[in-house]
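**Q** Take a look at the following structure, please.
Just so you know, all these numbers are worked out from the coordinates, no wet-lab data involved. Because the structure is a prediction, the values reported are computed rather than measured. FYI the Cβ positions are ideal-geometry reconstructions off the backbone, even for glycines, and counts take in every protein chain you see.
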Amino acid sequence: MSTYWIGQAKSSMYLYKGELFLILLAVFPINIGLRVHYGIRTNRLNSKQRHYQRLALKHSSLREHICNTMHTFGPFLKKLCIERTDLYLAVQQGFTEGIKTCQKIFQNDRWNCTTKGNSKSAILGFVMARVSREASFMYAIASAGITYRVSKECYLGRIRNCGCKKIGESESSAKWNCDVDVGTGIKISRKVMEDGLLKWDAEALMNRHNSDLGRMAVRDSLSFQCKCFGLSGMCTSKTCHRALVPRIEKIGLWLKDKHKTAVHVKPSRRTSRSGYPRFLVQINGKGRPDPGSLIYLQESPTYCERDPSTGSLGTKGRSCSVKENAISNSCRLLCCGRGYDTRIQVVKRKCNCKFKWCCQVECDECRNTCKVYTCK
């Protein structure tokens, strides 16, 4: 099994010339191999910890020591960690954004971008034991997150040796005179997602296909934005450029639609000299899958019951809705026919607020009761 990591969070203290450096490298393991054992684990960092993390990474001798001792790093990630701190941090942030987007858009489904961890600080510890459509989505959204964040950081001038594509000369703001350079984000994302990969078996081909789809989603989501320039609000000149969508959730929702219509594939009979399949074909015999589709090799479990062998945590204890118009989070669907428990919950909120001179707001405390439904 080939494995690469995007960081693990261990804290170490170093005293160097009177300065205290808190070494925090957030770790995101992604395992790619003969079977999908896809594990991602991130730790929640507060603003002070992120500040010390950046200080530690900028300190060359400490940074090189830390990066070289990360034996699970692939060669590209190790190089980024040592030589390109700006890119490494952008990759790290993009990966986290992709996972958080997955959690948000699947929060009401049976599979809710499963999370688990040994402590409250672990915001994600995800293990997937099947090459299912959920594994496909994870690769696509992770790849999209890295592409999106690296492209945005380049556009904002926070990454060295990349910026935006000039689209003409103008006296207007430079920001409005260039396209976002999504090509750099695509290039970095591809290298990160394939870093340390040694075997191009069926699973690796599936992961590459789905990662490419995530990058394509970012590229195709670019939109034209225009701004007028002139005296007294007159539009004497207008500059337009291609820009990223404001939030990555839009890309995530597009990929979720692809998740619903994902295509079941299998290895082709044609193999390379090393014995690995040259490409994947659809189960229904219609040839190779379309590049614009998510693909998977194994059917998904129901995610109704807890089953470590499939990566399912089950839906027991999940909140659900009894409303007739509820779709994905309805108790009927989410509880898998097991029924649900009902409890009364008291909710406190501020009400009857009044402004008191000067300068204070006084409110009463109101209590409301509501019913909460959880799956048995």
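**Q** Structure shown: which of 104/191; 350/371; 152/260; 323/348; 104/250; 100/250 lie over 18 Å apart, alpha-carbon to alpha-carbon?
**A** Details: 104/191 27 Å; 350/371 20 Å; 152/260 28 Å; 323/348 23 Å; 104/250 12 Å; 100/250 13 Å.
The answer is 104/191; 350/371; 152/260; 323/348.
**Q** Can you compute the FRET efficiency between residue 200 and residue 156 using 1/(1 + (r/R0)^6), with r the Cβ-Cβ distance and R0 = 35 Å? Round to the nearest 0.05. Let's see the in-between values first.
**A** On the way: r = 36 Å, r/R0 = 1.02.
Between residue 200 and residue 156 the formula returns 0.45.
**Q** Here's something else I'd like to know. Treat each spin label as a single point 7 Å out from the Cα along the C-beta direction, and report the residue 372 to residue 249 distance in nm.
**A** 2.3
**Q** On to the next question. From largest to smallest, what semi-axes in whole angstrom does the range 303-376 give when each is the square root of 5 times an eigenvalue of its alpha carbon gyration tensor?
**A** 40, 14, 11
**Q** Short version: what are the Cα gyration tensor semi-axes of the range 278-327, square root of 5 times each eigenvalue, largest first, in whole Å?
**A** Working: eigenvalues 216, 61, 13 Å².
Rounded to whole Å, the semi-axes are 33, 17, 8.
**Q** Could I ask something else about it? Give me a comma-separated list of calculated 3J(HN,Hα) values for the range 259-272, in order, Karplus coefficients 6.51, -1.76, 1.60 applied at θ = phi - 60°, integers in Hz, x for any Gly or Pro.
**A** So the J values, rounded to whole Hz, are 4, 5, 10, 4, 9, 7, 10, 8, x, 6, 6, 6, 10, 7.
**Q** Once label points are set 7 Å from the Cα along Cα→Cβ at both residue 219 and residue 65, what is their separation, rounded to one decimal in nm?
**A** A separation of 4.3 nm, rounded to one decimal place.
**Q** Could you rank the peptides 274-284, 293-303 by their average count of other C-beta atoms within 10 Å per residue, with the highest value first? Walk me through the numbers before you get to the answer.
**A** Numbers: 274-284: 13.4, 293-303: 18.7.
Ranking the peptides 274-284, 293-303 by packing returns 293-303, 274-284.
**Q** What order do you get for 367-376, 200-209, 142-151 when each peptide is scored by the mean count of other beta carbon atoms within 10 Å, highest first? Before the final figure, lay out each step's value.
**A** On the way: 367-376: 12.6, 200-209: 20.1, 142-151: 29.2.
The densest-packed peptide leads the list: 142-151, 200-209, 367-376.
**Q** At a Cα cut-off below 15 Å, give the aspartates and glutamates reachable from residue 376, other chains included and same-chain residues fewer than 8 away excluded.
**A** Partners within reach: 305, 341.
**Q** Give, in nm to one decimal, the length gained when the segment between residue 365 and residue 272 is fully stretched (0.36 nm per residue of separation minus the Cα-Cα distance).
**A** 26.4 nm
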